[in-house]
Every structure is written in C-alpha cells, then in structure tokens.
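Accompanying notes for the structure given below.
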Amino acid sequence: MRRQRREDKEESSYRDNTAKLRSLYPGTTLFDALVKEVDTPEVKKELYAKGFTHLLIQIGRGSHIPSKSTGEDGALAVDYFTFSSSIAETLRSASLVISHAGSGSIFETLRAGKPLIVAVNEDLMDNHQAELAEELAERKHLFCTRPHMLHRTIADMKIESLIPYLPGDAKPVANLINRFLGFPED
Amino acid sequence: MMEKDKECLLSMLDSKGFTIFITFTITLIVIRVIYVIHRSGKPMRPKTSKPVSTLIVLGSGGHTAEMLNLLSVLQRGRFAPRYYIAAATDNLSLQKARMFENSTNDETGVATAEFMQIYRSREVGQSYISSALTTSIAIAHALWLMIKIRPQVILCNGPGTCFPLCLIAFLFKIVGIKWPFIFYVESIARVKKLSLCGLLLYKLRIADQFYVQWPQLQQKYHRALYVGCLM
C-alpha cells in the first residue's frame, strides 16, 4: 500500500522513471567504504525521501554484506549481488546509479543515459580517478561526492539539472591515424 | 721500421685510439638517436592501402574498453594482422578482445588476430628488490615478443605494460631493424595530468603521434593532439 504510494509519488516527480532502483556498482574493484555507506540508515532514508523504492547493491568481492529488506512498512527494499553477467540489463532498469569513480563504470552509466552519483574512493593513493569525476561533474553530467557525504548529495541533488552526456567519437583519432599511415581518406 | 709502426699503433689503440674510438661510436649513436627523434612523428609511407601489422596493448581499468572503441572505427583490412597483448594477470581484456574480433566479420574472412600475454614489471605493493628482478624478466619477455611480432604499428593508451614495448620499438628504430609507428591515446581518465607512461612517451618523444582527450592536457603539452572524448 505504502509502496504503491511511493511509486506514484516518484512517477509524478520524475516523469520517465521506472519507479525503481538501483544503486551502486563497484565493478571489479574493492570499494567496501561505499557499500558500507550506502547501507547506512541516513543514505537509505534520503533515497526513500527522494522517491526511490528499491536499492540493488553490487558488492563485488567486498566483505561488507548489506542487510536485505523487503521494503514493507514504508522503507526502502534492499537487495544485493556479487557479480552479474547481465549488468547491462540491471543498468537499464535503474533510475539512479551510485558508483565508484572508475572510468568504465562512469561511461557505461552515462552512455546508458542514467543519472549518476560518483563517490570517489579516498583510500586510493594516486587518486587521479577523482579528476575525471570532477571534470564531468563540472560539466553537469553527474554528481561527484565522497562516501561520507553521500546522504547529503542525495538530499541536495536535482536530477533534472543534469545535462545528458553525448557519447564521444573515436573517428577523429582514426582519421589522424589513417592519414599518418598514408591510407586513403574514407 | 715496420715493428715501430706496429708498436705505435698498438699503444695508440691502448690509450688515445681507444678513447677516440669510443667517442666516435658514442657520437654516431647520439646522431642516430637525434635523427630517429627528428624523423619520428613524420609519416614515411607514401599513399598506400597495403595493410600494416598492428600491435594493440590492452589493460584493465578502462584501457581495454577505450581501445576496443577506437578499433571499432578503424578498418580491419588495413590493420592486419592484429596482435593483442595484455598483462598475464589480466584475463578479462583478452577475453573482451576475442569477443570483439568474433563479433565483427573480417572482410578477408581469414582469422587475422593473435592474442598474447606479457609479464608485468610489478604488481601493486611489491617490494623494490623483487621489483628489480620482475622488471628485468618483464623487459626480456617484452623484447622476445617484439622480436617475434616486429609490428609496423603500435596502438596503446596507457597501461603500464605498453612502456617497455614502446621503448623496444624505439630501440628497433635506432638500430634500424624496423620502424614501428607508435600511436598513443592518453586515457580519458586523465584530465589534468598525463599518466606516468604517457609522460615518459611524450617527454622521450617515443610516440609518433600523441593524442589527448581533454583540452586542458593539450594546453600543457603542446605536441599532443586534442581529439575530444572517445568514450
């Protein structure tokens, strides 16, 4: 009953949402800090307040096991998995993705046209990954945050302020390589 | 008279002659290196449609995805045969490359791709002493692979494994065995700073063409070519 109301609310606030899920996707890298953070009551509360009804977490090789919940009595439904071969499908059914800053995850999500929050791993020594997330956040293609700030970011975010990412093009490089090697122009 | 000459020659060889010989050799090598650097980055092939054997370096952490994205717009018939190399610890990259090769039919219909693994010079967290050993093994392995493949073109975008391969390609140019063209595309993840591998290939002028995906990098590194985002 309550869940139904939630979905209604969500549909009105985000028009083309599938009224569901889904979050987090630490790929093949270990990023327990993010799984732990997503599992906190603060983050779940903010997600629910924003109209999200389901949370699906990819924990990868992580050691933190989130607590599952069926989403009865006015709370977020939480589920998790380790790895999935159908991650592309999962991504398609999501209406929000929370991910680490790996370029693979970032571009897979952006190219799927999904709103994205990137949480930068502060434990990484040479943290060049933050560069990419911050640049794309500056261009308003995603929200960039740190794990401990995640609930604030969710509370403050305005998904409609995001600018869709236009997939890049490898043709200019290909043309330069072809020209350099003396191949005729296409 | 003859005896004296011989003695003179020997003593010269011993001291002065030897020094002159060494100096001469070093000068020759330096001139050759300067020539190679000067010549690099300039196309040497006349207009042609003859295919080039291509070495493609893959790597986890987004490098493989970016590389396959580039390969998808290059004409297969021109870049053949293709040799894919990934680190021995990275099984996923070659798997993805195989899927990529199988997904698109070659114009010629012949299998023109080979897949190889290379030892990594060092894993994260390895000690310095064992790093020295593993690095030498990795370099020897890279040399062996390069002698075997002798590619005309190298395509790489920054996994650590590509540096020894490019360095050996550069040595090939200096020795005159082969003139492999090196194309380096800095990863999209590098916005403000080049990766170590990219920086070395840029500063040592090893890459024939050096591409960056963000304008900030082009402003900092003027010889780089800005090509926009590939992903």
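No lab work stands behind these numbers, since they all come straight from the coordinates. What you see is a predicted model, and the numbers here were worked out from it, not measured in a lab. So basically every Cβ, Gly included, is an ideal-geometry build from the backbone, and we count neighbours across all protein chains shown.
In peptide B:220-231, how many Cβ atoms from other protein chains are near each Cβ within 10 Å, on average?
Details: counts 0, 0, 0, 0, 0, 3, 1, 9, 6, 8, 9, 12.
Neighbouring Cβ atoms belonging to other protein chains average 4 per residue here.
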Checked the range B:174-231 against the a/c 1.5 cut and the a/b vs b/c comparison, axes a ≥ b ≥ c from its Cα gyration tensor; verdict prolate
Shape descriptors of the protein assembly as shown over alpha-carbon atoms, Rg and Dmax in angstrom, are 26.8, 117
Directionally averaged shadow of chain B, computed from the convex hull of its alpha-carbon atoms, nm²: 17.7 nm²
What are the radius of gyration and Dmax of the range B:110-231, computed over its Cα atoms and given in Å? 15.3, 46
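Can you give the mean number of other chain Cβ atoms that lie within 10 Å of the Cβ atoms in peptide A:164-175? All intermediate terms of the calculation are to be shown ahead of the outcome.
Working: counts 0, 2, 1, 4, 9, 7, 15, 6, 7, 14, 8, 3.
Whole-number average of other-chain Cβ neighbours for A:164-175 is 6.
Relative contact order for chain B: what is it in percent, counting Cα pairs under 8 Å that are at least 6 residues apart?
Values: 327 pairs, mean separation 42.0, N = 231.
Relative contact order here is 18 percent.
Of A:K36/B:K192; B:K42/B:K203; A:K50/A:K114; A:K171/B:K203, which sit over 20 Å apart, Cα to Cα?
Details: A:K36/B:K192 31 Å; B:K42/B:K203 17 Å; A:K50/A:K114 16 Å; A:K171/B:K203 26 Å.
Exceeds cut-off: A:K36/B:K192; A:K171/B:K203.
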Where both partners of a DSSP beta bridge lie in the range A:52-180, what percent of those bridges are antiparallel, to the nearest 5? 10 percent
Going residue by residue through the range A:152-161, the Karplus relation 6.51 cos²θ - 1.76 cosθ + 1.60 with θ = phi - 60° gives ³J(HN,Hα) values, rounded to whole Hz and with x marking Gly or Pro, of 5, 4, 5, 5, 8, 6, 10, 4, 5, 7
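Using the 10 angstrom Cβ neighbour count as an exposure proxy, how do A:K45, B:K16 rank, fewest first? Write down the numbers at each step before the final one.
Details: A:K45 15, B:K16 10.
Ascending number of Cβ neighbours within 10 Å: B:K16, A:K45.
Can you check what the net charge comes to around A:H151, using other residues whose Cβ is under 14 Å from the Cβ of A:H151 (Lys, Arg +1; Asp, Glu -1)? Each step should come with its number before you reach the end.
Values: positive: A:K36, A:K44, A:K45, A:K50, A:R146, A:R152; negative: A:E37, A:D39, A:E42, A:E46, A:D156.
Counting the neighbours of A:H151, the net charge comes to +1.
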Give the order of B:V191, B:V57, B:V33 when sorted by the count of other beta carbons within 10 angstrom, beginning with the fewest. B:V33, B:V191, B:V57
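Please order B:T19, B:T54 by the number of other Cβ within 10 Å, starting at the fewest.
Details: B:T19 11, B:T54 26.
Ordered from fewest to most neighbouring Cβ atoms within 10 Å, B:T19, B:T54 come out as B:T19, B:T54.
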Shielding of A:147-157 by other chains, given as the mean Cβ count within 10 Å, works out to 0
Within the under-12-Å Cβ sphere about B:I118, not counting B:I118, Lys/Arg +1 and Asp/Glu -1 give a net charge of +1
Taking amide H positions as placed in the peptide plane 1.01 Å from N, state which residues far from A:C144 in sequence (5 or more) or on other chains have amide H under 5 Å from it. A:V118
Report Rg/Rh for the range A:102-186, rounded to two decimals, where Rg is the Cα radius of gyration and Rh the Kirkwood radius. 1.14
Per-residue counts of other Cβ atoms within 10 Å, averaged by peptide: what ranking do you get for B:211-219, A:97-105, B:37-45, highest first? A:97-105, B:211-219, B:37-45
